[in-house]
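Bear in mind these aren't lab numbers, they're just calculated from the coordinates by the rules spelled out. Because the structure is a prediction, the values reported are computed rather than measured. Here the Cβ positions follow ideal geometry from the backbone for every residue, glycine too, while neighbour counts run over all protein chains shown.
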């Protein structure tokens with residue numbers, strides 16, 4: 001009873017249950033918030049780490065014999081706008097007044113910057129070496145959009161625009177153009193359109209007819225699989241059929257074909273121990289200071305997405321018909337054991353090619369990546385032959 005003599009209404013089981021549920025709910029909410037905070041902190045730390053790695057990306061300065069930055073040298077990692085989108089350059093040379101060499105990576109969608117930096121640094125003594133991260137490739141991967149711009153013509157236009165930028169910046173009337181694999185396709189087309197911009201064109205692993213080349217690879221790999229009794233791989237090749245491949249992800253059957261080709265025909269014939277030990281493209285990319293961790297993701301995405309968008313466009317091209325004349329000095333470099341680009345086709349192209357001067361050189365102990373697998377020989381070619389014969 002209350003002091004007034006009335007009855008006080010006691011709490012019901014329902015009220016008690018509601019209070020208990022409310023307390024339990026609050027405890028659960030606190031636990032959830034605690035878990036979210038626990039998860040959010042490492043995510044934020046990871047984001048900060050990735051962003052910092054992007055900010056800290058750089059190309060190391062070139063040092064002199066005294067360990068100090070070499071006077072007159074250039075070592076720059078920079079962004080340039082080509083075709084209306086941002087793309088990246090790595091520029092390195094011991095003397096900024098040396099002739100400019102523009103390197104075009106293979107692919108499409110691959111960056112070969114890490115291999116060039118690791119194995120071709122001797123060229124920096126004689127050239128200002130410019131490595132272009134092409135549209136949709138490596139550090140330039142965000143320029144993959146819009147994909148409607150991922151055309152061969154657009155790449156060639158970007159290349160010519162970049163050439164003019166470099167000519168103006170370094171006060172050179174002409175530069176050197178060196179392409180590897182896919183880079184030789186846009187290299188030939190740019191040299192064909194504007195031979196006046198280049199001292200010489202150097203095509204390493206020169207592509208000529210992509211479809212015929214890939215079908216030849218298929219036949220050679222299939223023959224080897226049958227001879228060695230690899231029934232499972234024969235079945236794989238029969239299932240995917242001969243190239244060309246189209247569809248949503250053509251890189252998958254191409255990777256199957258090219259991977260086996262390299263394993264069987266190229267890798268066993270690479271003699272250079274340094275390359276065999278240190279030449280893995282992915283491992284080099286993971287270590288190169290020019291890349292942050294987001295760039296490393298971009299590298300992998302470019303290998304897949306840009307390849308899928310561009311490679312199917314290369315079917316039907318044939319430089320024996322479309323580029324049988326180039327009005328500048330031309331040097332073709334082939335690896336003797338390159339079955340990714342069997343020599344019969346580029347040799348035939350070289351024989352019929354009309355040019356003011358031309359040269360064909362085989363690297364005997366290498367395959368598709370001859371400029372890294374026999375880097376010393378490539379360096380001598382560029383300095384003692386190409387530079388000596390064409391720089392005036």
Mean projected area in nm² (Cα convex hull; one quarter of hull surface) for region 222-272: 4.2
Tilt relative to the chain, helix 13-56 - C-alpha long axis, 0 to 90 degrees, to 10: 20
Neighbour-count ranking [beta-carbon atoms within 10 angstrom, fewest first] of 276, 92: 276, 92
Extent along principal axes [Cα atoms of region 265-392; Å; largest to smallest]: 45, 36, 35
Paramagnetic reach from residue 228 in region 265-285 [backbone N under 15 Å; point 7 Å along Cα→Cβ]: 265-270
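What list do you get for 368, 58, 224 if you sort them by fewest beta carbons within 10 Å?
Listed from fewest to most nearby Cβ atoms, that is 58, 224, 368.
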Centroid-to-centroid separation of region 172-189 and region 128-149 [C-alpha atoms, Å]: 16
Antiparallel content of DSSP bridges confined to the chain, in %, to 5: 35
Among 208, 310, 100, residue whose mean-square fluctuation peaks in a GNM of the chain (springs only between Cα atoms under 10 Å): 310
Gain on full stretching of the segment that runs from residue 44 to residue 324 - 0.36 nm per residue minus C-alpha separation: 95.2 nm
Surface/4 estimate of mean projected area, convex hull on alpha-carbon atoms of the chain, nm²: 32.3
P(r), alpha carbons of region 200-329 - 10 Å bins starting at zero, rounded %: 10, 29, 35, 23, 3
Region 201-242 and region 272-347: distance between their alpha carbon centers, rounded to Å: 17
Angle between the chain longest axis and helix 251-261 axis [Cα atoms, degrees, rounded to 10]: 50
Extended-chain gain in nm, criterion 0.36 nm per residue less alpha-carbon gap, residue 52 and residue 269: 74.0 nm
Among 50, 116, 210, residue whose mean-square fluctuation peaks in a GNM of the chain (springs only between Cα atoms under 10 Å): 50
Sorted peptide list for 229-235, 378-384, 180-186, 241-247, criterion being average Cβ within 10 angstrom, highest first: 180-186, 378-384, 241-247, 229-235
GNM top mover of 80, 130, 156 - the chain, alpha-carbon springs below 10 Å: 80
Whole-number Å³ per residue for the convex hull built on Cα positions in region 264-309: 96
